[in-house]
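Asks: Here it is, the structure, as C-alpha cells.
The values are calculated or read from the model by the stated rules, or taken from the named source; none is laboratory data. Bear in mind that the values here come from a model prediction, so they are computed numbers and not experimental data. Positions of Cβ are generated from backbone atoms using ideal geometry, with glycine treated the same way; all protein chains shown enter the neighbour counts. Just the protein is used for accessible areas: all its heavy atoms, side chains included, with ligands, DNA and RNA removed. Shrake-Rupley method; radii C 1.70, N 1.55, O 1.52, S 1.80 Å.
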Amino acid sequence: MTVITVNSPKGRLSQEQRSRLAETLTDAVLVPEVGQFAPAARVGFQVHFTDREPGMMAIGGRLLADVGPGADAMVIDVTVMDGDWRQEVRAEVIERVLATMADACGMPEPSPAWWVTFRVIDEGSWGSRGGVLSVLSLLESGVFTEEKAAAVRAALGA
C-alpha cells in the first residue's frame, strides 16, 4: 500500500498532466518497492493531488502570491508500508519521482523548489478492509520478485 500526495499551486498541473502522473508516479515507486514492473500491484497505490492557492504556499519566506506568476514550489509526499527501504532504495524512489514530475511538466530537470518527502509507516500501523494490514501478507501475491520478498522479510525480521 502506497500513497503519493502531490501538493502544488492551484493551476500548476493540468488535467492531462495529472492523468499522466497518476500512472507514472505509481510506477516510479512501484518498481523499486516490488522489484519489477508489475501492473497488478497498481491497485495498492493511490495518488492524491492537492491544489493550494498561491496565498497558501510560501518559499523563501514569501507567499507565492507575492513572488509572482513564475513562482514554482511543490511537495510530493510518498508514504509506504514498512519493508525493504534501505537508503539506496529510498534514493531511487526520490530520483524517479522527481524525474517523473519533470517529464510530466515538460522540464529538462526538476525544479530545486520541488521537494520529496519519504515516509515509512511501521509494520502494524496501516489499516484497510476493516483491519490492520501487513506487507508480509502481500509477499505471496506474485508481484514481488523473490529477491525483493526476501529483502522485505529480512528488513522486518520475519
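Asks: Six or more apart or on different chains, Cβ under 8 Å: which pairs go from a residue in region 28-54 that's in contact (Cβ under 8 Å) with a residue 12 or more places away in the chain to one that's loosely packed, with under 13 Cβ neighbours inside 10 Å and charged (D, E, K, R)? Could you list them?
Replies: Pairs found: GLY35/GLU147.
Asks: Out of everything in region 13-51 that is among the basic types (Lys, Arg) and at pLDDT 95 or above, what residue ends up being most open to solvent (accessible area, probe 1.4 Å)?
Replies: ARG20
Asks: Is one or more of the residues making up region 53-72 open to solvent by less than 20 Å² (accessible area, probe 1.4 Å) and in contact with a helix residue (DSSP H, G or I) (Cβ under 6 Å, 6 or more places away or on another chain)?
Replies: Yes, there is a match, as at least one residue in region 53-72 is open to solvent by less than 20 Å² (accessible area, probe 1.4 Å) and in contact with a helix residue (DSSP H, G or I) (Cβ under 6 Å, 6 or more places away or on another chain).
Asks: Being under 17 Å from ASP27 (Cβ atoms), within 21 Å of the chain's Cα centre (by Cα) and of a type in the set (Lys, Arg) is true for just one of ARG52, ARG119, ARG96. Which residue is that?
Replies: That would be ARG96, the only listed residue that is under 17 Å from ASP27 (Cβ atoms), within 21 Å of the chain's Cα centre (by Cα) and of a type in the set (Lys, Arg).
Asks: List pairs: first in region 142-157 and loosely packed, with under 12 Cβ neighbours inside 10 Å, second not hydroxyl-bearing (Ser, Thr, Tyr), Cβ under 7 Å, 6+ apart or cross-chain?
Replies: GLU147/GLY35
Asks: Among the hydroxyl-bearing types (Ser, Thr, Tyr), surrounded by fewer than 19 Cβ atoms within 10 Å (Cβ to Cβ), in contact with an Asp or Glu (Cβ under 9 Å, 6 or more places away or on another chain) and touching a residue at least 40 places away in the same chain (Cβ under 8 Å), is that true of THR117?
Replies: When the stated conditions are applied, THR117 passes them.
Asks: Another question about this same structure. From (1) in a strand (DSSP E or B); (2) among the polar types (S, T, N, Q); (3) in contact with an Asp or Glu (Cβ under 6 Å, 6 or more places away or on another chain); (4) open to solvent by less than 40 Å² (accessible area, probe 1.4 Å), pick out the condition that doesn't hold for THR79.
Replies: (3)
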